[in-house]
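No value in this document is a laboratory result; all are computed from the given coordinates. Quantities reported herein were computed from a predicted structural model and do not represent experimental measurements. A quick note on method: Cβ atoms are made from the backbone with ideal geometry, for glycine too, and the neighbour counts reach across all protein chains shown.
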Amino acid sequence: MPIAALLFPDFSLILLGFLLMRFTDWGTSFWSGLEKLVYYYLFPALLFYSTARTPFDFAASGGMLQLALAATLAAVALGWLAKPIFRAGPMMFESGVQTAFRFNSYIALAIASRLAGDKGTTLMALIIGFAVPLCNMAAVHALVHKGGGLLVELAKNPLLVATAGGLLFNLAGLHLPDIIGATLQRMANASIALGLIAVGAGLRLSGLKEAKGMAAYFIAVKLLALPAIGYLAGRHAGLPPLQLQILVLFCAMPTASSAYVLAARMGGNGPYVAFVISAGTVASLFTLPLWLALAS
């Protein structure tokens with residue numbers, strides 16, 4: 001499938017969310033409720049359903065997973081390099097550094113599904129299950145500089161809980177009853193479309209007044225440096241074609257909108273993070289096709 005045709009449906013839904021947010025009078029409470037519905041219920045259903053029903057071959061996919069986590073750690077290190085390089089106001093760096101390594105799970109799973117169906121979804125869900133706690137730990141550490149509350153944050157994360165539950169269910173040799181599986185599948189299908197619409201509704205492309213150089217640096221790390229690391233490492237390791245594509249796709253994702261929620265909730269600079277997320281999401285429209293074409 002041509003790369004443009006692969007990406008067009010998903011980015012069209014993001015554009016739809018952007019337009020609906022600006023040309024309807026549904027109010028912020030509607031969009032906030034939609035985001036919560038997807039994040040706390042529909043998307044966890046997708047992750048649990050994907051990981052619970054597909055047999056994992058960790059011997060075959062373990063290399064891909066290790067490279068994904070190693071690349072993420074490299075992005076964390078590159079993000080922290082911004083601290084001595086750029087002068088930023090209080091909580092600017094601490095809030096923004098997470099945008100260098102956190103990833104948008106909605107877009108990742110949507111494209112992985114279109115790329116390789118259930119197998120692509122399962123491989124991406126496996127990476128997400130291990131990368132979510134790693135990214136959350138790094139992001140929370142930057143904002144609080146202490147371990148207190150970190151385990152609580154991880155234990156409350158619905159994406160982590162759903163993926164861990166699905167993996168344990170799978171490894172225990174259990175099977176989903178058909179009626180429950182069908183229900184979870186309906187929820188999973190809804191999560192992709194609504195999640196992408198919610199991403200578009202959350203775009204904020206104005207209001208950046210300071211630390212512009214640091215914002216550009218974080219976006220460059222996320223959309224250029226991280227996928228380059230993933231691609232080179234995957235090629236060097238000789239990953240199978242699909243695993244290489246999934247690895248590069250994961251690394252090339254724009255930052256998750258939940259980074260804004262975390263910054264705002266923990267006393268950080270929410271508007272700054274919102275802009276970096278939004279600018280990176282728009283920029284990924286141009287960078288993602290290039291990385292996917294290179295990995296194909």
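Would you work out which of 283, 174, 80 lies farthest towards the positive end of the dipole of region 3-295? Charges go on Cβ: Lys and Arg +1, Asp and Glu -1.
After comparing all options, I get 80.
Stretch residue 85-residue 178 to full length: gain in nm at 0.36 nm per residue minus the Cα-Cα span? Write out the running numbers ahead of the final one.
Numbers: separation 93, 0.36 × 93 = 33.48 nm, distance 5.53 nm.
That pair, residue 85 and residue 178, stretches by 28.0 nm at full extension.
What nm distance separates the two modelled labels at residue 293 and residue 236, each placed 7 Å from Cα along Cα→Cβ?
Computed distance between label sites residue 293 and residue 236 equals 2.6 nm.
How much length, in nm to one decimal, is gained on full extension between residue 168 and residue 5, taken as 0.36 nm per residue of separation minus their Cα-Cα distance? List each step's numbers first, then the result.
Values: separation 163, 0.36 × 163 = 58.68 nm, distance 3.57 nm.
The span from residue 168 to residue 5 would gain 55.1 nm if fully extended.
Show me, for region 248-255, the HN-Hα J-couplings you get by feeding each phi into the Karplus relation (A = 6.51, B = -1.76, C = 1.60, θ = phi - 60°), rounded to Hz, glycine and proline as x.
Going residue by residue, I get 5, 4, 4, 5, 8, 5, x, 6 Hz, with x marking Gly and Pro.
Highest first, please rank the peptides 188-198, 8-18, 66-76 by the mean number of other Cβ atoms sitting within 10 Å of their residues. Before the final figure, lay out the partial values.
Details: 188-198: 21.9, 8-18: 18.5, 66-76: 20.4.
Put in order of decreasing packing, that is 188-198, 66-76, 8-18.
Quick one: dipole size for region 3-295, taken about the Cα centre, charges +1 on Lys/Arg Cβ and -1 on Asp/Glu Cβ, in debye to the nearest 20. Working shown, then result.
Details: 17 positive and 9 negative charges, 100 e Å.
Dipole size: approximately 480 debye.
For residue 186 paired with residue 119, estimate the spin-label separation in nm (one decimal), with each label point 7 Å from Cα along the Cα-to-Cβ line.
The two pseudo-label positions are separated by 3.0 nm.
Take every Cα-Cα pair in region 1-83 and report what % of them are more than 15 Å apart.
Working: 2670 of 3403 pairs.
Looking at region 1-83, the distances longer than 15 Å represent 78 percent of pairs.
For the chain, what log10 I(q)/I(0) values come out of the Debye formula at q = 0.09, 0.12, 0.16 1/Å, with one point per alpha carbon and no solvent?
-0.40, -0.74, -1.38
For residue 216 paired with residue 134, estimate the spin-label separation in nm (one decimal), with each label point 7 Å from Cα along the Cα-to-Cβ line.
Spacing of the two 7 Å Cα→Cβ label points: 3.0 nm.
How much length is gained if the chain between residue 205 and residue 30 is pulled fully straight, taking 0.36 nm per residue apart and subtracting their Cα-Cα distance, in nm to one decimal?
On the way: separation 175, 0.36 × 175 = 63.00 nm, distance 2.05 nm.
Extra length from residue 205 to residue 30 when fully extended: 60.9 nm.
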